[in-house]
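Reading through the structure tokens given below for one structure.
The values are calculated or read from the model by the stated rules, or taken from the named source; none is laboratory data. Only a predicted model underlies this, so the values are computations on that prediction, with no experimental measurement involved. Heads up, the Cβs are rebuilt from the backbone with ideal geometry, glycines too, and the neighbour counts pull from every protein chain shown. What goes into the accessible areas is simple: the full protein's heavy atoms, side chains included, and nothing from ligands, DNA or RNA. Shrake-Rupley method; radii C 1.70, N 1.55, O 1.52, S 1.80 Å.
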Amino acid sequence: MIQTLKLLKLNNPLAQAFLYVALFFICLPFSFAKETDQLDLYVGIYRDIEIPKASSDIQLKGTFRSLTKVQFNPQSQVLRFYPRKEGTGTVLVTNKNSGDILYEFTINIKKTDLKRVAREIQSLLNNIEGISIKILNNKVIVDGQILLPSDMKRIHSVVKQYGDLATTLVTLSPLAQNKIAEFIERKIDNPEISVTATNQKFILEGFANSEKERDKAEILAKMYVPDVIVDEAVADKKVLERKADIVINLIQVRPPPEAAPPKIIQMVIHYVELQKDYTKGFRFQWTPDVGDGSTLNFSTGGNSPGGVMATLTGTISNLLPKLNWAKEHGVARVLQSSSLIVEDGKTGVLNSITRLPYQVVNGQGQPSTNFEETGLKTNITPQVMGERSDSVKLAMNFSVKSLLSYSDQGPLTAAREIQTTIHVQSGKSAAVGGLITSDQATNYNKLPANASRNPIISLYASKDFRKNQSQFVVFVTPIIKSSASAGSEKIKSKFRIPN
């Protein structure tokens, strides 16, 4: 434009400015048409061109149909070209109703610059290791082996953008399968179960202790299985793969071991009973009475004269006053210890009984002998709470029957019973029960059994006071033994029994 001004020899600045503006508006349509009408396209790479003046009812004309495919989106007013082969053609965008030409494009389709495509793909995939990008047979080929299926997704997305200009031959590396197999084996965490990768399959082998453990190993393996990568030959149905599970479970369930013998539990039981009794009595008795012994006798014959003889006789008993005073105080402590060895879950019974005889008379007046039982009865069932636990559950029933005194009807006894269920740690002692009794009695002016029923004079006074106390406690100590013979050496040495 400066050369044009020089040729016109316009030295006036105002004339030059006017000429500049005129030339700008004259050249503007030509520059617009050159920039928008000439389209350089490349085979296999689509291109979008905006046509804002086009309405929804347009018609495409020209010589482009054998060179490229053209699609129009009326919402976005974008014209998309899909070049197919090299060549030159025209595209006319006309109004369908009026036939007016809205846009005119001259398309020049060239062969794609494969080196540029290779550089772009290389820049997009430069963070993925194990691949190489080559140009072979007029295509950019991505080849190699990768470790992660996620990298395969990225490679596929990048290559797909270039259509027929690029293709991928990338496969998943066998090393990746071996690494995943190591991760699965580490997660299962069972030294008897191994995981191997073969032909893109994961094989679980070994032994499990139960079906639950076998199923758990398979579930963990499926969590680590990568996504399936479909080969192009398989997708085109050129090769048919055998359908099989990705995880092949060959784990065998080990037969359950023979039941271990039940544990042995030694029960050490201590019975402690404390008794106290106190008796205090006072009695003054003066109750004389008369016994009538008068008789009447008749006699005749012999040398003596006959007649009637009367004899009057009387006996006075309990004439002397009686004074009785007594005071008794007694303390007794009974301690019995017993030891019983019982299998886990079995019931052990230990009784210590004494039979006391006494005389009775039946209905026909014949005497006979009966027996009253006194002593201890123990019924206990231990149960270990777990394989590795040292806590023992004890279901116990204790009964104690002791002799108090004798009466005309037989022995007088007292019975106590404890029934409970507790948990005790092995080797520890527990007081499982206690019973405290206390009774008092006071008698005033109570006649004894041999007192006179018809006294001449009755002077009698008495007072009896009795107090009894007792306390009964049971201590239990369970001890888990390795065998029934454990501890026998200590007992032998205690009693000096030779081995």
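Each of His270, His329 has its accessible area taken with a 1.4 Å probe; listed largest first, they run His329, His270. Sorting Glu213, Glu273 on solvent-accessible area from highest to lowest, probe radius 1.4 Å, gives Glu213, Glu273. Across the accessible surface of the range 54-124, with the other protein chains kept in place and a 1.4 Å probe, carbon and sulfur atoms take up 45 percent.
When the listed pairs Lys280/Lys401; Lys111/Lys134; Lys280/Lys322; Lys263/Lys401; Lys212/Lys481 are checked against a 21 Å cut-off, the alpha-carbon distance exceeds it for Lys280/Lys401; Lys263/Lys401; Lys212/Lys481.
Within the same chain, aspartates and glutamates fewer than 8 places from Lys467 are excluded, and of the rest, those with a Cα less than 14 Å from its Cα are Asp277, Glu328, Asp439. Remark: for residue pairs Lys327/Lys377; Lys276/Lys377; Lys61/Lys139; Lys153/Lys222; Lys110/Lys153; Lys53/Lys85, the C-alpha separation exceeds 26 Å in Lys327/Lys377; Lys61/Lys139; Lys110/Lys153; Lys53/Lys85. For the range 119-232, just say rounded, prolate or oblate: build the C-alpha gyration tensor, square-root its eigenvalues into a ≥ b ≥ c, call rounded for a/c under 1.5, and beyond that prolate if a/b exceeds b/c, oblate if not. Prolate. Ordered by 1.4 Å accessible area with all protein chains kept, Tyr224, Tyr46, Tyr271 run largest first as Tyr46, Tyr224, Tyr271. Taking amide H as placed 1.01 Å from N in the peptide plane, Phe64 has its amide H under 5 Å from the amide H of Thr90, each at least 5 places away in sequence or on another chain. Computed with a 1.4 Å probe on the full set of protein chains, the accessible area for Lys53 sits at about 150 Å².
Exposure check, 1.4 Å probe, all protein chains in place: Leu250 carries approximately 90 Å² of accessible surface. For Phe72, the accessible surface of its heavy atoms amounts to roughly 50 Å² (probe 1.4 Å, protein chains only, rounded to the nearest 10). Here's the list of aspartates and glutamates a cross-link from Lys446 could span, going by alpha-carbon distance under 16 Å and ignoring same-chain residues fewer than 8 apart: Asp464. Each Lys or Arg adds one and each Asp or Glu subtracts one; over the other residues with Cβ under 14 Å from the Cβ of Thr413, this totals 0.
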